[in-house]
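The values are calculated or read from the model by the stated rules, or taken from the named source; none is laboratory data. Note that the coordinates shown come from a computational prediction; the quantities given were computed from them, not determined experimentally. Cβ placement follows ideal geometry from the backbone for every residue including glycine, while neighbour counts extend to all protein chains displayed.
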Amino acid sequence: MKVYLDNAATTPIASEVIDEIQPYLSNYFGNPSSTHAFGRKTKNAIEINRKKIADLIQAKNNEIIFTSGGTEADNMALRCAVFDLNVKRIITTKIEHHAVLHTAECLRDHQNVEIVFLATDHNGNPDLVQLESILNDKVNTLVTLMHANNEIGTLLPLNKVAHICAKYDHVFFHSDTVQTMGHYTFNLSETPIDFLTCSAHKLHGPKGVGFLYVNHKINLNPLITGGSQERKNRGGTENLYGIVGLGKAMEMAYENLASHQKHIQDLKSFMKEELKKIDQRIKFNGETSPEKSLYTVLNVCFPADVCNSMLLFSLDIHGIAASGGSACSSGSNQGSHVLAELPHQEECQSVRFSFSRFNTQEDVVFTLEKIRSIINNGNK
């Protein structure tokens with residue numbers, strides 16, 4: 001049996017999404033910038049899906065800029081905030097995705113932008129009292145805080161932070177919503193957010209495509225030049241198949257959102273309770289209550305004396321895919337920068353299990369059986 005529990009890294013593409021894409025791989029191949037019928041056909045497909053996505057998150061069509069994914073979207077938000085909005089300071093945390101952290105560091109090193117790191121508690125929650133105290137000055141600031149941490153699942157109170165930032169004319173708010181887009185509802189006609197990001201492959205869509213939401217009140221220059229695509233916001237021929245697939249994946253995610261949420265939350269809760277029965281010393285990183293935690297992620301802290309660094313390898317041998325941290329940096333020898341900010345990590349071996357609507361109770365039961373066997377046999 002093979003079990004895939006690494007859905008925070010990427011999700012299997014839905015068969016309906018593949019079916020939606022297929023005609024654009026074979027029959028509808030015109031360049032969307034061409035004015036003839038072939039081009040008009042594909043241009044229309046892009047705009048139909050732009051409107052579909054905008055409607056689903058209650059945004060305006062012209063607020064959606066298609067990108068190559070979440071990393072580019074985060075880069076565009078941060079870099080354009082500095083270059084076009086005269087941002088001089090970035091407020092964030094040390095547990096953001098590297099698409100944000102590394103970009104902020106680059107802007108600090110090359111554009112003299114100040115970085116202020118908010119304190120985080122033992123579950124990864126940022127100090128919002130500290131945030132408000134910093135914002136009282138008049139420095140042009142970008143606050144960038146992810147909606148849900150991709151490693152530990154802790155949820156940001158997005159509306160609360162958005163309204164804190166909205167009180168100050170000199171403050172812009174960006175949130176990396178890669179892990180939550182298609183998993184939670186958004187009403188961008190009411191929530192005062194300046195930038196949001198999306199990556200299709202996190203919600204059963206294709207890899208290599210996503211979008212940046214930019215509030216219509218903000219005017220940006222393109223990060224990528226060389227063409228007038230995306231209303232002159234991003235040069236380069238559009239990823240037609242990807243955009244069509246993203247639109248379909250978003251549509252499917254929100255059609256049955258409540259049932260997907262319940263199904264996945266039930267799997268997570270079941271696994272959490274059963275793990276505690278295997279060894280009462282097993283703990284969990286980040287928030288785990290449904291109202292404070294991303295329902296697709298469970299980061300488990302196994303006691304070091306029963307689970308060593310070979311645990312992930314042992315799970316893989318048994319056909320179970322999970323993660324020790326963020327897959328985006330899996331080629332690095334460095335440990336997780338997120339877990340490094342949490343207490344008592346030297347006492348445990350952490351594994352991230354992340355679920356999707358395609359997972360079953362059988363998947364979880366099989367995984368629990370193998371974990372019990374691995375612990376009883378010393379990771380063999």
Next item on the list: Name the residue, out of Glu273, Glu238, that is surrounded by fewer than 22 Cβ atoms within 10 Å (Cβ to Cβ), outside any helix (DSSP H, G or I) and not aromatic (Phe, Trp, Tyr).
Entry: Glu238
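Condition check: of a type in the set (Ser, Thr, Tyr), within 19 Å of Leu240 (Cα to Cα), touching a residue at least 12 places away in the same chain (Cβ under 8 Å) and crowded, with 16+ Cβ neighbours inside 10 Å. Does Ser68 satisfy that?
Yes; evaluated as a whole, the condition is true for this residue.
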Check: Considering only residues of the stretch 96-152 that are polar (S, T, N, Q) and within 23 Å of Met76 (Cα to Cα), which is surrounded by the most Cβ atoms within 10 Å (Cβ to Cβ)?
Finding: Asn149
Next item on the list: Inspect the stretch 15-32 for any residue being in contact (Cβ under 8 Å) with a residue 60 or more places away in the chain, touching a Pro at 6+ places or on another chain (Cβ under 6 Å) and not small (Gly, Ala, Ser) and give the result as yes or no.
Entry: no
Checklist line | Which numbered condition Tyr168 misses (of (1) within 30 Å of Ile264 (Cα to Cα); (2) surrounded by fewer than 22 Cβ atoms within 10 Å (Cβ to Cβ)) | finding: (1)
Check: Of the residues Ala54, Ala37, Ala59, which is assigned by TED's automatic domain parsing to the domain that holds Phe186, free of Cβ contacts under 8 Å to residues at least 40 places away in the same chain and touching a strand residue (DSSP E or B) at 6+ places or on another chain (Cβ under 7 Å)?
Finding: Ala54
Next item on the list: Please indicate, with yes or no, whether at least one residue in the stretch 333-350 is touching a helix residue (DSSP H, G or I) at 6+ places or on another chain (Cβ under 9 Å), at pLDDT 90 or above and closer than 27 Å to Leu257 by Cα.
Entry: no
Check: In the stretch 235-283, what count of residues is obtained for those that are assigned by TED's automatic domain parsing to the domain that holds Pro343 and farther than 23 Å from Thr11 by Cα?
Finding: 11
Checklist line | All positions within the stretch 62-78 that are assigned to a helix (DSSP H, G or I) and either in contact with a Ser or Thr (Cβ under 6 Å, 6 or more places away or on another chain) or not assigned by TED's automatic domain parsing to the domain that holds Gly182 (or both) | finding: Gly70, Ala73, Asp74, Asn75, Leu78
Notebook entry, point to check: Restricted to the stretch 23-37, and to residues that are loosely packed, with under 13 Cβ neighbours inside 10 Å and assigned to a helix (DSSP H, G or I), which residue is farthest from the chain's Cα centre (by Cα)?
Noted result: Ala37
Next item on the list: Give, as residue ranges, the strands (runs of 3 or more DSSP E) completely inside the stretch 79-187 that count at least 3 residues that are within 29 Å of Thr225 (Cβ to Cβ), hydrophobic (A, V, I, L, M, F, W, C) and touching a helix residue (DSSP H, G or I) at 6+ places or on another chain (Cβ under 7 Å).
Entry: 171-175
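Only one residue in His147, His102 is in the same structural domain as His183 (by TED's automatic domain parsing), within 22 Å of the chain's Cα centre (by Cα) and closer than 24 Å to Pro192 by Cβ, so which one is that?
His147
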Item checked: Number of the condition not met by Ile53 [criteria: (1) crowded, with 22+ Cβ neighbours inside 10 Å; (2) under 30 Å from Asn140 (Cα atoms)] -> (2)
Margin query: Need the failing condition index for Asp137 against (1) modelled with pLDDT of 95 or more; (2) among the acidic types (Asp, Glu); (3) more than 21 Å from Leu156 (Cβ to Cβ), just the number.
Written below: (1)
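Take the residues in the stretch 289-308 that are charged (D, E, K, R) and at pLDDT 95 or above, then tell me which one is surrounded by the fewest Cβ atoms within 10 Å (Cβ to Cβ).
Filtering first and then ranking leaves Glu291.
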